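See below for the structure under consideration.
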Amino acid sequence: MSYNLLKGKRGIIFGALDENSIAWKTAVRVHEEGGTFVLTNAPIALRMGTIKNLAEQTGSEVIPADATSLEDLENLVTKSMEILGGKIDFVLHSIGMSVNVRKGRHYTDMNYDWTTKGWDISAVSFHKVMQTLYKADAMSEWGSIVALTYMAAQRTFPDYNDMADNKSYLESIARSFGYFFGKEKKVRVNTISQSPTPTTAGQGVKGFDGFISYAEKMSPLGNATALDCANYTVTLFSDLTKRVTMQNLYNDGGFSNTGVSQEVIERFTEE
Ligand SMILES: NC(=O)c1ccc[n+]([C@@H]2O[C@H](COP(=O)([O-])OP(=O)(O)OC[C@H]3O[C@@H](n4cnc5c(N)ncnc54)[C@H](O)[C@@H]3O)[C@@H](O)[C@H]2O)c1
């Protein structure tokens, strides 16, 4: 179903790797709602993933950019405005990677070079994206910027490792930059804190299967899917949420405010 919520709006979508990616579902929904956009991902992801199919499906161009490289980001922003024919109305930052998680390094035995790399990719890249847009004065007034995060930023989930710290930093950047983007350019900045979702990044976390079914049983509405996240993002890109900014918004079926659920109690009640 389409409500034409994004008719005439132009954007940049980071992080579509394959059709499971949250960014992929978001691109499809944004297209259905009438938005036009440039798709981007790291050069290696473009070689490994299937983004070309998404570009064809949505009539979009793909511009490679490593989100940690200011040079790549400057090129991306300039080219996107040329291709789309004007300033940018919406941006999705859907990027995350921890080398410690990927290589199975425990939180108490970190390789700090990897920690720094993961922090740069997962958190600082959000600042780099916004600073590049800000300096180029590339955002339209009442534009909207969204990044994706996870509740491990507030509560400990042991296997989430250093991604928990990266997400805390990411959420803080949304508030800090949201202030300046709001004041100077009337642009809003928010993070969506999403339920565990079966994607390449999600499945990289140890014990993901048990974890996702636990969250499903804990959440009164069940886990939010990638499509739910795409729909929520569409509302944040639309003109219906103009003064929502500097927020961390939970899209998690109620998980974050649930102490325990009946299903979980039953699993632990001895007969
Ligand atoms: N899957 C979950 O359970 C879950 C839950 C909450 C939040 N999130 C967040 O959602 C976002 C999207 O992840 P996903 O689950 O769709 O997985 P995904 O693996 O499909 O997406 C992660 C993306 O990050 C990109 N990326 C990595 N390094 C990059 C770099 N240097 N430059 C540019 N892009 C780079 C990857 O190529 C990939 O497209 C991430 O921020 C993730 O932390 C995921």
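What follows is calculated from the coordinates using simple rules that are stated; it is not laboratory data. Just so you know, these numbers come straight off a predicted model, no measurement behind them. Cβ placement follows ideal geometry from the backbone for every residue including glycine, while neighbour counts extend to all protein chains displayed.
Descriptive notes on the structure:
- Farthest positive-ward along the chain dipole, Cα basis, beta-carbon charges - from THR197, LEU76, ASN231: LEU76
- Here the Kirkwood formula, the inverse mean of 1/r across different C-alpha pairs, assigns the chain a hydrodynamic radius of 18.9 Å.
- Amide H contacts of SER193 (H built 1.01 Å from N, under 5 Å, at least 5 apart or other chain): THR149, LEU249, TYR250, ASN251
- In degrees, nearest ten, helix 125-135 long axis to first principal axis of the chain (Cα): 20 degrees
- Put in order of Cβ neighbour count within 10 Å, fewest first, the listed residues TYR179, TYR150 become TYR179, TYR150.
- Computed from phi, the 3J(HN,Hα) profile of segment 40-53 under the Karplus parametrisation 6.51, -1.76, 1.60 (θ = phi - 60°) reads 9, 7, 5, x, 5, 5, 5, 6, 8, x, 10, 4, 4, 4 Hz, with x in place of Gly and Pro.
- Calculated FRET value between HIS106 and ASP18, using beta carbons and R₀ = 35 Å, to 0.05: 0.80
- Charge context of GLY35, other residues only, Cβ under 10 angstrom, K/R +1, D/E -1: +1
- Additional length obtainable on full extension of the chain from ASN53 to ARG155, 0.36 nm per residue less Cα span: 33.0 nm
- For THR191, the shell of other residues with beta-carbons less than 12 Å away shows a net charge of +2, using +1 for Lys and Arg and -1 for Asp and Glu.
- Above-threshold pairs, the threshold being 28 Å between Cα atoms, out of LYS7/LYS186; LYS79/LYS103; LYS7/LYS167; LYS25/LYS128; LYS52/LYS185; LYS25/LYS167: LYS79/LYS103; LYS7/LYS167; LYS52/LYS185
- Whole-angstrom gap from segment 50-91 to segment 196-232, using each part's C-alpha centre: 28 Å
- Rounded to the nearest 20 debye, dipole of the chain from Cβ charges on Lys, Arg, Asp, Glu: 740 debye
- Taking Lys and Arg as +1 and Asp and Glu as -1, the other residues whose beta-carbon sits under 15 Å from that of ASP159 total +2.
- Length added when fully stretched, PHE268-PHE180, from 0.36 nm per residue minus Cα-Cα: 26.8 nm
- Global geometry of segment 100-223, whether rounded, prolate or oblate, following the gyration tensor of its Cα atoms and the 1.5 cut on a/c: oblate
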